[in-house]
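Engineer: Pasting in a structure now, in C-alpha cells, and then I'll have a few things to ask.
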Amino acid sequence: MTFDLPLTLAAFGIGIVVGLTGMGGGALMTPVLVLFFDVLPLTAVSSDLVASAVMKPVGSLVHLRRGTVHLGLVKWLCAGSVPAAFCGVLLARALGDGTEVQEVIRRALAIALLVSAAGLMVRAYMRLVEHARVRDGRAAPLPQGRPRLVVRPLAVILVGILGGVVVGMTSVGSGSLVIIALMALYPRLTASELVGTDLVQAVPLVASAALGHILFGDFQLALTTSLLIGSIPGVWLGAHLSARAPGGLVRRALGFVLLASALKLLEVSTRDTLIVLGAVLVLAPLLWMAVRRHHGFPAFAARGR
C-alpha cells in the first residue's frame, strides 16, 4: 500500500493541532486536502471522515475516565445525529454526481468552517466568563461535581439532527455546532463537560457518516491511509504537548486558519481575503483585551491561558 509523503506530513501537523486543542480535525484536514492537494471536495470529506472515525475514540476515552461526560445527553444526541449523519451523505449524493455536488459541498464546507471559527471564539468567551464567576464566588454549582441537568430530549435530538446532517455533508461541525447548541441549552455545563460530552457523542456520529461515505461517497483507501499514518502519531504527540503549550495561542491561530480557508473556499478574491484577515489581526486582539478588562482580568492573559 503506497502513501503520499507530503500529505502524510500535513496530516501529522494537523494531528498535533487536534491533540493540542481538542478540535480542528475535519475543519483543517478537509480544506487542506481541497486547497493544497487538489482533492475533490466529496473525496476529501469521505476520506477525512473515515480517518476521524479511527481517531475520535482516543479523546473520548480520556474524558470518560475523568468523568466529564453526561451520558444522558450523549444518548439523545446520538438518537438524532447518527441517522442524520448517514442521511447527510445521501443528501450530498442526491444533489448531483459531478460538478454540481462538488460545488455544493465546497460551499457547505466553507459555511461550516465559519461556524467552527465562531465556535472557537464562543468557547474562549465561555471560559473567561466561567473563570470570572468562580473568582467572584458566583458559580455555586461549578466548584465540585456535575451540575444537575434537566434533559430536554426533543431539543437535544434536534441538535443532534442538525449536527449530523452537517457532518455527513462536510465532515466539519461535530465539535463546534454541537458545543454551541449545548452551551445555549445548558449554560451551567463547564467547558470540559461540554467538550467531553461532545467527543463521546461524536464517535458514533462520525462512524455513521464514515460508513455512509464508504458505501455512497467517494472514499479512497490510499488517501485515507496517508491521513492515518500522519495524523495518529500527530494526535498522540499533540496530546502530550498540550500540558505545556500555550493553548490559547494555538486556538487563536486555528481560528485564523479556519477563517482564511473558508474565504478561499467561497472564492473570495485574494485582495478582499487579505483585507479581511488583516482587519481580524488588528481588531480581534483589541476587542479581546476590552472583553477581558470588562470582566476584571488584565488585558494580557498569563502564559498557558
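Engineer: Between Phe256 and Arg135, what is the label-point separation in nm under the 7 Å Cα-to-beta-carbon projection?
Structural biologist: It is 2.5 nm.
Engineer: Expressed in nm to one decimal, what extension gain is obtained for the pair Leu154 and His295 from 0.36 nm per residue of sequence separation less their Cα-Cα distance?
Structural biologist: 47.3 nm
Engineer: Of Leu189, Leu71, which has the most accessible area and how do the rest follow, probe 1.4 Å? Show your work: numbers first, answer last.
Structural biologist: Working: Leu189 5, Leu71 105 Å².
Output order, biggest surface exposure first: Leu71, Leu189.
Engineer: To continue, here is another question. Using a basic spin-label model with each label point 7 Å from the Cα along Cα→Cβ, how many nm lie between Leu221 and Ala118?
Structural biologist: About 4.1 nm separates the two model spin labels.
Engineer: Within 10 Å, count the other beta carbons around each residue, average over each peptide in 230-236, 206-212, 276-282, and list them highest first.
Structural biologist: Averaged packing, sorted descending, gives the order 206-212, 230-236, 276-282.
The values are calculated or read from the model by the stated rules, or taken from the named source; none is laboratory data. The model shown is predicted, which means the values in this text are computed figures rather than measured ones. Note: ideal-geometry Cβ built from the backbone for every residue, glycine included; neighbour counts use all protein chains shown. Just the protein is used for accessible areas: all its heavy atoms, side chains included, with ligands, DNA and RNA removed. Shrake-Rupley method; radii C 1.70, N 1.55, O 1.52, S 1.80 Å.
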